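To start, the structure itself, in structure tokens.
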Amino acid sequence: MSKTVRLILGDQLNSNHSWFKTTDDSVTYVMMEIRSETDYAKHHIQKVVGFFAAMQAFYFDLKAKKHQLIYMYLNDEDNLQSFDRNIKSLISKHKFTHFEYQLPDEFRVDEVLKELCKSSEISSSVIDSEHFFTSRNELEHFFEGKKTFVMENFYRMLRKKHDVLMEGDQPLTGKWNYDSENRKKLPKNHKPTPPLVFSNDVSKVLEQINTTDIKTIGNIDAVNFVWPINRAQSLQLLDFFLAECLHLFGSFQDAMTPNEWSLYHSRLSFSMNLKMISPQEVIDKAMKEWESRPNEIEYNQLEGFVRQIIGWREYMRGIYWLKMPEYSSMNFFNNQEKLPDWFWTGNTKMNCLKDAINQSLNFAYAHHIQRLMITGNFALLAGIDPDEIDAWYLGIYIDAIEWVEITNTRGMSQFADGGIVGTKPYVSSAAYIDKMSHYCGSCFYKKELKTGGKSCPFNSLYWNFYDKNEGKLAKNPRIGMMYNVWRKMKPEAKVALLEQADYYLKKINEL
């Protein structure tokens, strides 16, 4: 009699997958909480708890639907703490004759499972995870023969292919991209909609983790865990976003303000990255919401949201599978410095970094501009080793799985890939931060000062970055203007800026 074991990974909680359409007594599903997944980075405690809580909820949902299951808890005596060892043990113990798994999203796990199949004495097969709009290699085929990988071109192709916001072969409204209309600062007295949060009691999951020596970062309220841990809650969060936030999402998606951790963002990335909900249903629901409220939801709000999902998310995944594993070691600027100590505590006098880091420690979340133009911007200006900043981003954010994290961090944020993802380094002085946020007014440092003990560190570090990397960046057409400004500065002004930057870099842990 044939007996099949199917592996479900912690980020494959897709109840609509074809695997689960029928029950079959000859098929057993296995899920496992293992140290190889908790220990490859120092994760936020909310991330580890969130994954395990969602996995357990998915397990009980499948069990209620009469599927055959094995769930390996973190502290089970027979848990060998890795996918390959556990699967081999289960094959031996239960006499399984066939092994199946869904395509993993991480290169690391993909290699482990391919090697397992090669070394196994039973037959094996792999199936798609049935989640993304694209296949792993679709981006590679689309850009075949091209030297650059322009996200906008990929985005337009996917819009056409999947008939998203299209009228025939033309975009609705006649315009593809409304990014230029989605960069507004939050008005000073504007109070954002309070975020929908959950009160999940995950204290039992936390207790299990606390019996181990797993190293984590960040804070957690285990009795009132705010993140969705099942499909129903994920759909509830989606509905809340569409009803309460979509109408201002686009306008304020780049805005930042102290003590407002959610603003008008959907915070659906954790749910989507674990596959509790699909990008298709998110986009479908968003389009229906806009169609039902055209006078309340301007089109630019909708298009900006759709572009993040069908454009940026799919593009980053395509780059990941095209460029790994080499991508994980790219270091275009040869940056070697360590992360400042306060990246782990939030204890800095710079308001923008204090707010973004403390928010990350408290909620395991920061929105894309906080990641790109606050923490990422500073790390790049300070010459931090991409390995350091990569590990920090991968660990601290609840939605950070390598396929989406590393391309955003090493590519978009740190320009360590030399321009595969971004056409220029995303760096700024205090002027941009002040333009998009309310951080600067009450900061210890003064945004308008370029040198001196109270000058904003971003100002001198910004010019130091361009001076230090002129050999690699001077011919970049998107930043030639900055070098023209730098070259026209008086020699004494340049010296003062570089000396100020040098002082701050030497005192980086005291900033």
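So the values come out like this:
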read-out	value
Protein accessible area in the stretch 341-510, 1.4 Å probe - carbon and sulfur %	54
Taking N as its residue count, the alpha carbon Rg of the stretch 1-156 over 2.2 N^0.38 Å	1.16
Mean Cβ neighbour count within 10 Å, used as a protection proxy, ranking 33-40, 140-147 highest first	33-40, 140-147
Global form of the stretch 403-464, assessed from the alpha-carbon gyration tensor, a/c cut-off 1.5	prolate
Expected 222 nm ellipticity per residue - DSSP helices of 4 or more, -39500 (n - 2.57), all of the chain, to 500	-12000 deg cm²/dmol
Under 5 Å, built H, 5+ apart or other chain: amide partners of S455	K446
Contact order relative to length of the stretch 4-127, as percent, for alpha carbon pairs under 8 angstrom and 6 or more apart	32
Positive dipole terminus of the chain, leading residue within S120, I374, N153 (C-beta point charges)	I374
Counted charge near I406, where neighbours are those whose Cβ lies closer than 10 Å (Asp, Glu -1; Lys, Arg +1)	-3
Rounded to whole Hz, the Karplus (6.51, -1.76, 1.60) HN-Hα couplings of the stretch 94-103, x for glycine and proline	9, 6, 5, 10, 8, 10, 10, 8, 8, 3
Amide hydrogen neighbours beyond the local backbone of I127, cut-off 5 Å, H modeled	Y101, Q102, L103
Neighbour-limited loop hits for trypsin sites (Lys or Arg not before Pro), the stretch 453-511 (at most 12 other Cβ within 10 Å; DSSP other than H, G, I, E, B)	K454, K475, R478, K507
Label-point separation in nm, N476 to K506, each point 7 Å along Cα→Cβ	2.8
Geometric extent, Cα atoms of the stretch 341-510 - Rg, Dmax (angstrom)	15.6, 46
Candidates per GluC sites (Glu not before Pro) in the stretch 397-456, loop by DSSP, up to 16 other Cβ within 10 Å	E448
Residue-span extension gain [D76 to N177] - 0.36 nm each, minus C-alpha spacing	31.3 nm
Hull volume in cubic angstrom per residue (convex hull over the Cα atoms of the chain)	161
Built amide H within the under 5 Å cut-off of T28, gap 5+	T4, V5, R6
Filter on K338/K475; K146/K323; K88/K114 - keep pairs with C-alpha separation over 20 Å	K338/K475
19 Å Cα-Cα threshold exceeded, pairs from K47/K275; K188/K349; K21/K161; K435/K472; K185/K424	K188/K349; K21/K161; K435/K472; K185/K424
Cα shape, the stretch 1-53, gyration tensor, a/c 1.5 rule	prolate
Three-way shape label, the stretch 310-415, alpha-carbon gyration tensor, a/c 1.5	oblate
Estimated inter-spin distance, E111 and E448, nm [label 7 Å along Cα→Cβ]	5.4
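The values are calculated or read from the model by the stated rules, or taken from the named source; none is laboratory data. Keep in mind the model is a prediction, meaning the values are calculated, not measured. Cβ coordinates were reconstructed from backbone atoms using ideal geometry, including for glycine residues, and neighbour counts include every protein chain displayed. For the accessible areas, the whole protein counts, side chains as well, though only heavy atoms, and no ligand, DNA or RNA atoms are used. Shrake-Rupley method; radii C 1.70, N 1.55, O 1.52, S 1.80 Å.
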